[in-house]
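The next block holds one structure in the form of structure tokens; read it before the comments.
The values are calculated or read from the model by the stated rules, or taken from the named source; none is laboratory data. What you see is a predicted model, and the numbers here were worked out from it, not measured in a lab. Glycine gets a Cβ as well: all are built from the backbone with ideal geometry, and neighbour counts include every protein chain shown. Surface areas here come from the heavy atoms of the whole protein model, side chains and all, with no ligands, DNA or RNA. Shrake-Rupley method; radii C 1.70, N 1.55, O 1.52, S 1.80 Å.
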Amino acid sequence: MTRDPVRIRDLVVERGATRRGFLTVGETGAGPVQMPVVVVHGARPGPTLCLTGGVHATEYPGQTAVRELTRGLDPATLTGTVIGVPVVNLPMFAARSGFVSPIDGLNLNRVAPGRPDGTITELIAHTLFTEILSLATHHIDCHGGDLGEALWPYAAYRMTGNSELDRTGEAMARCWSPGVVALFRDGTPMIPTGTVTTEAAKRGIASILGECGSDNGLDPADVQTHLRGITNVMRYLGMLPGDPVVSPRQLVGTGQFQVHARRGGLVRLSAAVGQTITEGETLGEIWDVFGDVVETLRAPSRGLVRLVWTRKVVNSGDAVLKCWVTEPAPPFPVTDRFIGT
Ligand SMILES: [Zn+2]
């Protein structure tokens, strides 16, 4: 339930008001490192939803959705509270750095929940967890394809074993996603540790990952996908009027695999994100510097292409694309089939 008033350091937000400011998280030789925060404190009590963008700060559609949503909300008609952090990682934002911070080389989405005595990225994570997420009941971390990545939209939730929390997290992912929903568990392959959503869920926050957007771009359609997803989750949580609308064609990502290049050269892919590939299908070719085809890439099994690396040159062993193994999603509302596993 929403605290009243909301206090984040010297930012004090009374019910029915919107306020914004910056939190200083640490210092470089050039001055303070800050984190922007906007609080929309609804007139009626309800859930506290945290929206984070720019954990990877060159992923622009998600952070733009956080900006647009918080600017458009009317606290007089909002139930509950939205705490938005449009750009969590301002050093990356300023330097236009993909994946890792230009200051300490760390990936914020691998070092959560951070450390109070850490370097700048760890301090950003620590501030996010101790001063912002600690106020939240629900959370959406808005990501997308980073530099050199083309991505098919999906939402993911990390199952915790807490049945009530997992039921909410799964439902939020179903409400957010226009297509694929992934529910990660202990032992799920290719799932990194230290992600913001995983660590938030461990702390009892229904925290999902919303992914849409590609390769340093800011396509308005991708911003709309984020906005639709967030708005749909807010309807599910009763923060906005109306019922959530869930696509009847959703898929559950039950596994994933990557296709790697064995030979170095120029990649000419024929497969694209969102495409369903079948075992043995030709995905593209690798040419050497003279233009001879040195490798033909083939699908090892059936899958939905979820990520393509858009770089034109690969070396032996590089991943070229990543796929979901999928099955149709069960009807919504969510049943008990995933609970407590
Ligand atoms: Zn990301």
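Tabulated data for the structure shown
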{"read-out": "Flag for GLY280 being buried (at least 21 other Cβ atoms within 10 Å of the Cβ) and away from the ligand (no atom under 16 Å from the Cβ)", "value": "no"}
{"read-out": "Residue list for segment 108-126, restricted to those being within 16 Å of the ligand (Cβ to nearest atom) and surrounded by fewer than 18 Cβ atoms within 10 Å (Cβ to Cβ)", "value": "ARG110"}
{"read-out": "Selection status of GLY255, open to solvent by less than 40 Å² (accessible area, probe 1.4 Å) and not in a strand (DSSP E or B)", "value": "no"}
{"read-out": "Segment 134-146, subset closer than 20 Å to THR64 by Cα and more than 14 Å from the ligand (Cβ to nearest atom), residue least open to solvent (accessible area, probe 1.4 Å)", "value": "HIS139"}
{"read-out": "Any pair with Cβ under 6 angstrom, 6 or more apart, that starts in segment 96-119 at a residue that is within 22 Å of GLY29 (Cβ to Cβ) and ends at one that is of a type in the set (Val, Ile, Thr) and away from the ligand (no atom under 16 Å from the Cβ)", "value": "ILE103/ILE120; ASP104/THR119; ASP104/ILE120"}
{"read-out": "Residue in segment 206-216 that is farther than 18 Å from GLY144 by Cα and either in contact (Cβ under 8 Å) with a residue 40 or more places away in the chain or basic (Lys, Arg) (or both) present", "value": "yes"}
{"read-out": "In segment 151-192, residue farthest from GLY217 (Cα to Cα) [restricted to those that are assigned to a helix (DSSP H, G or I), open to solvent by 10 Å² or more (accessible area, probe 1.4 Å) and free of Cβ contacts under 8 Å to residues at least 60 places away in the same chain]", "value": "GLU164"}
{"read-out": "Residues of segment 77-91 satisfying the condition of being open to solvent by 10 Å² or more (accessible area, probe 1.4 Å), within 16 Å of the ligand (Cβ to nearest atom) and either assigned to a loop (DSSP other than H, G, I, E, B) or of a type in the set (D, E, K, R) (or both)", "value": "PRO86"}
{"read-out": "Checking SER214 against (1) more than 16 Å from the ligand (Cβ to nearest atom); (2) open to solvent by 20 Å² or more (accessible area, probe 1.4 Å), the condition it does not meet", "value": "(1)"}
{"read-out": "Failed criterion for SER207 (all others in (1) within 16 Å of the ligand (Cβ to nearest atom); (2) open to solvent by 20 Å² or more (accessible area, probe 1.4 Å) hold)", "value": "(2)"}
{"read-out": "The listed residue being among the charged types (D, E, K, R), within 26 Å of SER301 (Cα to Cα) and not in a strand (DSSP E or B), out of ARG235, ARG228, ARG268, ARG263", "value": "ARG263"}
{"read-out": "Any chance PHE129 is at pLDDT below 95 and away from the ligand (no atom under 14 Å from the Cβ)", "value": "no"}
{"read-out": "Only one of ARG67, ARG44, ARG15, ARG3 that is closer than 22 Å to PHE93 by Cβ and of a type in the set (D, E, K, R)", "value": "ARG67"}
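Residue-by-condition table, conditions (1) within 21 Å of ARG7 (Cβ to Cβ); (2) open to solvent by 10 Å² or more (accessible area, probe 1.4 Å); (3) within 16 Å of the ligand (Cβ to nearest atom); (4) in contact with a Phe, Trp or Tyr (Cβ under 6 Å, 6 or more places away or on another chain):
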{"site": "VAL25", "(1), (2), (3), (4)": "yes, yes, no, no"}
{"site": "GLY29", "(1), (2), (3), (4)": "no, yes, no, no"}
{"site": "PRO36", "(1), (2), (3), (4)": "yes, yes, no, yes"}
{"site": "ASP74", "(1), (2), (3), (4)": "no, yes, no, no"}
